[in-house]
Amino acid sequence: MALKVLHGWKNLAEADRGAAIAHGNFDGVHRGHQKVIQEAAAAARSLEAPLGVISFEPHPRLHFQPDAPPFRLMTPHQLARTLEGMGVDRLYLLPFGAEMAGFTDQDFAREVLFKGLGARHVAVGFDTTFGKDRTGSPDAMRRYGREFGFSVSVAEAEGGAAVGEGQKFSSTGVRNALRAGDPRLAADILGRPFAIEGVVQKGRQLGRQLGFPTANVPLGDYVAPRFGVYATRTRLKDGRQLNGVANIGVNPTTGEVAPRLEVWMFEFDEDIYGELIETDLIEFIRDELTFVDAHGDFDIPAMVEEVHRDAAKARQILGVG
């Protein structure tokens, strides 16, 4: 059954209620999040109920910190696709605004989980918080479950060697790894590579003129990884996956732009302007550079030489000729 996305909790059809639900925000769906969803999945099987996941859109941080720098780890589209791959039946993408922000933890349990979604089970993480001023806790959720008639399970902390002894997998850990230029650590926490998805935009086409056509995708609301060059794999809308090398940054040589991904997919030169692509960051190669000669002019030969050197390193990392 395909995933159904529901944008709210009010006036739902009876067929869209009654799920076993994983509650959280799930930005990134990292390995700790996956454990919460597995708890809900076990309950769904036992209850013979659909498996649902709650998330919020926009992310609550945008409501409370509207001027915060971009920090997202995935788009709603990526979230839905990832959850569908995990066997989730329903994604409740709840609008986060003044009403939701004003709910006490009891209000949330009563109005959203009980009255709105008709939850039969709610799975939460060991450190979950919910409700105004984040007063809700796992113990509070258990109490509300008894009051409103849904069972509750609590997923224990999930960690591993990648994050160090006694540390848990977290979205913050993924962001920190990306900002440090360590996509391999980010992938260890996520359970898959961090990926940037976006619509290909037309640029100056300088790369095409120099023999390495790039697809340009704005970073938008994504957390900005360390600016520089990465070995990558890109998926096209037709399912092809292409190895490549990408620069993430503001292009200081040719005039700074909003942060973007510029990916050169090897052995590929097709018109994909306006198409949605998704690019995995596999390994960091070097920091973003400015190519100018002794006179302060754009040094095209030096840039071309460096790009081909980067491509050779990316091919080696990716294990392609």
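The values are calculated or read from the model by the stated rules, or taken from the named source; none is laboratory data. Because the structure is predicted, anything quoted here is derived from the model rather than measured. Note that each Cβ is placed from the backbone with ideal geometry, even for glycine, and that neighbours are counted across all protein chains shown.
Tabulated results
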| read-out | value |
| --- | --- |
| Residue that is nearest to Ala187 (Cα to Cα) [pool: residues in the range 1-52 that are among the acidic types (Asp, Glu) and assigned to a helix (DSSP H, G or I)] | Glu39 |
| Residue in the range 123-135 that is aromatic (Phe, Trp, Tyr) and part of a helix (DSSP H, G or I) present | no |
| Tally of residues being surrounded by fewer than 23 Cβ atoms within 10 Å (Cβ to Cβ) and modelled with pLDDT of 95 or more across the range 220-231 | 5 |
| Positions within the range 198-210 being surrounded by fewer than 18 Cβ atoms within 10 Å (Cβ to Cβ) and in a strand (DSSP E or B), in sequence order | Val199, Gln201 |
| Selection within the range 292-303 - in a loop (DSSP other than H, G, I, E, B) and either over 16 Å from Gln209 (Cβ atoms) or modelled with pLDDT of 85 or more (or both) | Asp293, Ala294, His295, Gly296, Asp297 |
| Every pair of residues 6+ apart whose Cβ atoms lie under 6 Å, when the first sits in the range 220-240 and is under 14 Å from Val250 (Cβ atoms) while the second is among the acidic types (Asp, Glu) | Phe227/Glu288; Gly228/Asp287; Gly228/Glu288; Val229/Asp310 |
| Matching residues, the range 255-276, being in contact with a helix residue (DSSP H, G or I) (Cβ under 9 Å, 6 or more places away or on another chain) and part of a strand (DSSP E or B) | Glu262, Trp264, Leu276 |
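Residue by residue, here is whether (1) buried (at least 17 other Cβ atoms within 10 Å of the Cβ); (2) modelled with pLDDT under 95 holds:
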position	(1), (2)
Phe212	yes, yes
Arg233	yes, no
Leu242	yes, no
Glu270	no, yes
Glu305	no, yes
Asp310	yes, no
